[in-house]
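Just so it is clear, none of the values below were taken in a lab; they were calculated from the coordinates. All values derive from a computational prediction rather than experimental measurement. In this analysis, Cβ positions are derived from the backbone assuming ideal geometry, glycine residues included, and neighbour counts consider all displayed protein chains.
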Amino acid sequence: LPNVFKAALPILNKINKVGYEAYFVGGCVRDLLLNRHIHDIDIATSAYPEEIKQIFEKTIDTGIKHGTVTVLYEGQSYEITTFRTESGYQDYRRPDKVTFVQNLSEDLKRRDFTINALAMDAEGKIIDHFYGLNDLVVHNIKAVGKAENRFHEDALRMMRAVRFMSQLGFELDLDTKKAIFDNHELLSKISIERIRDEFVKMGVGKSSKRAFEVFLDTELYNEVPYLEHKKEQLSVFSKLNFSPVTEETFWATIIILLKLPNNEIAKFMRAWKNSNAMEHCVYDIVTFFDLLSYRIPSNYELFSTNLDTIMQTLDLSNILGQPVNSQAIIDRYEALPLKNESELVIDGNYLLKKGIPAGPRIGELLIEIKKAILERKLENNISAIDVFLNNK
Ligand code: ATP
Ligand code: MG
């Protein structure tokens, strides 16, 4: 048993000791059986949140109404959720009502896919009511129960299906796929932020090319910003040379496949409710990629672009199968006489002291000086810069 589970075992034991059932559930059991990295451990229990709070010293009321308490134990945190069922779902998003129940099997029924509906007890016994173990073996993403109903309850599950395909490299069960195709329009009921989180996980998963194909086949793409009617352009994704591994290169890939002009990049990123920081990174990568695709960047352009943007842009050209001489660009960057602004021995104040009047000329001169240094026409020291200024 991996250490993360060993560390969590006392939690199950403590709950068991006071007479309640407790199990590891969902993603952590799936990932344990697949030998994948386990990032968080979820526990399901017959105990009520109030009872969990009595058993453990340090707890946080994460979602008491929905039965979830976070327990802090030996420096780790665990989400402990009371067995529950959900009902209502009139808005295709969230249940109108959650009801606490006394047995695990009711709780497993509400989960999205068979591989996510597995539980494991403190002895390591797996509880599998929906042939999830079999689906793990045959690499199948299959809805628990009738797929159509499950997507009516919560339309986000359709995006989760393609996201798990990508992350796990699994195929989609045919009934489940048909249900997504038949109900794709319901995705429009879901907030962009929640769709985006799944879309990005799909985009950077190891099997994103295949998952993206299914995202197109099922017509889900018609329900999200900027992708509507763009099947032809987007189908190139499945033929990429490499899969994107960062969120930034994923967005940049989509933007380039859509052939968005530069002045639409920000609009696109905002339509997907991305952060300003993400928007700017992606803008820089796409514009630097454009530059690289028609000429060699000057030293000043390399200096003005941060190293992370350069590296991600080089990755992007590999993804798109338009390789540039990456090593040559990295070597040139490494050899730049200036790597950032702070290495310049003078600044605007120095120019003021030299008698240059305040105003735009100061900024222009600084750029001239940096360019001259970067092109190795000027040395980055005070006396050389003074001579340069005197000759102006
Ligand atoms: P990961 O955390 O690796 O992205 P996960 O399977 O743990 O994957 P979470 O979103 O953390 O996914 O959800 C934990 C578990 O809760 C899932 O395994 C599943 O059993 C259940 N679950 C999560 N979201 C839904 C949903 N929209 N509908 C039904 N069950 C869900
Ligand atoms: Mg999880």
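Pull up the cross-link candidates among the lysines for residue 370, meaning alpha carbon to alpha carbon under 20 Å and not fewer than 8 places away within one chain. Correct list for residue 370: 339, 353, 354, 392. When restricted to Cα atoms, the chain yields an Rg and a Dmax of 27.4, 88 Å, respectively. Taking the DSSP bridge list for region 1-138 and keeping only pairs wholly inside it, about 85 percent are antiparallel. Rounded, prolate or oblate, given the Cα gyration tensor of region 271-326, with a/c below 1.5 counting as rounded? It comes out oblate by the Cα gyration axes. Straight-line cross-link partners of residue 259 among the lysines, defined as a Cα under 16 Å from its Cα and at least 8 positions apart when in the same chain: 230, 231, 267. Could you tell me whether region 193-285 comes out rounded, prolate or oblate from its Cα gyration tensor? Rule is a ≥ b ≥ c as square roots of the eigenvalues, rounded for a/c under 1.5, then prolate if a/b exceeds b/c, otherwise oblate. Judged from the Cα gyration tensor, region 193-285 comes out rounded (a/c under 1.5).
Neighbours of residue 386, meaning other residues whose beta-carbon lies under 13 angstrom from its beta-carbon, give a summed charge of +2 when Lys and Arg score +1 and Asp and Glu score -1.
Neighbours of residue 198 by Cβ distance under 15 Å: Lys/Arg scored +1, Asp/Glu scored -1, total +3.
Taking neighbour counts of Cβ atoms within 10 Å as a proxy for exposure, in what order, fewest first, do 80, 64, 115, 265 appear?
On the way: 80 26, 64 15, 115 30, 265 21.
So the residues, fewest neighbours to most, are 64, 265, 80, 115.
For region 244-380, the convex hull drawn through the C-alpha positions has a volume of 133 cubic angstrom per residue.
Once Rh for region 341-392 is found with the Kirkwood sum over Cα pairs, what is the Stokes-Einstein diffusion coefficient at 20 °C and 1.002 mPa s, in µm²/s? Walk me through the numbers before you get to the answer.
Values: Rh = 11.1 Å.
Rounded, D is 194 µm²/s.
Karplus-based coupling profile of region 97-111, in residue order and whole Hz: 8, 10, 10, 6, 10, 9, 10, 4, 5, 4, 5, 5, 4, 7, 6, with θ = phi - 60° in 6.51 cos²θ - 1.76 cosθ + 1.60 and x standing for Gly or Pro. Karplus-based coupling profile of region 137-147, in residue order and whole Hz: 6, 8, 6, 10, 9, 9, 5, 6, x, 7, 3, with θ = phi - 60° in 6.51 cos²θ - 1.76 cosθ + 1.60 and x standing for Gly or Pro.
Could you order the peptides 2-9, 314-321, 184-191 from most to least packed, using the average number of other C-beta atoms within 10 Å per residue? Present the calculation step by step, with values, prior to reporting the outcome.
Numbers: 2-9: 14.5, 314-321: 19.2, 184-191: 16.4.
For the peptides 2-9, 314-321, 184-191, the packing ranking is 314-321, 184-191, 2-9.
Helices from the chain with mean Kyte-Doolittle at least 0.5 and a Cα length along the axis of 24 Å or more, per DSSP H: which?
Values: long enough: 276-294 (28 Å, 0.58).
Both cut-offs are met by 276-294.
Is region 1-138 rounded, prolate or oblate when judged by the Cα gyration tensor, a ≥ b ≥ c being the square roots of its eigenvalues, rounded requiring a/c under 1.5 and prolate requiring a/b larger than b/c? Cα axes put region 1-138 in the oblate bin.
Each of the peptides 35-48, 94-107 was scored by the mean count of other Cβ atoms within 10 Å over its residues; in descending order, highest first, they stand as 35-48, 94-107. Karplus-derived 3J(HN,Hα) values for region 347-359, using 6.51 cos²θ - 1.76 cosθ + 1.60 with θ = phi - 60°, are 8, x, 4, 4, 5, 4, 4, 6, x, 7, x, 4, x Hz; glycine and proline are entered as x.
Taking one quarter of the surface of the C-alpha convex hull of region 148-237 gives a mean projected area of 5.1 nm². Ranked by the mean number of other Cβ atoms within 10 Å of their residues, highest first, the peptides 247-257, 14-24, 121-131, 278-288 fall in the order 247-257, 278-288, 14-24, 121-131. Between the alpha-carbon centres of region 311-389 and region 109-166 there is a gap of 55 Å.
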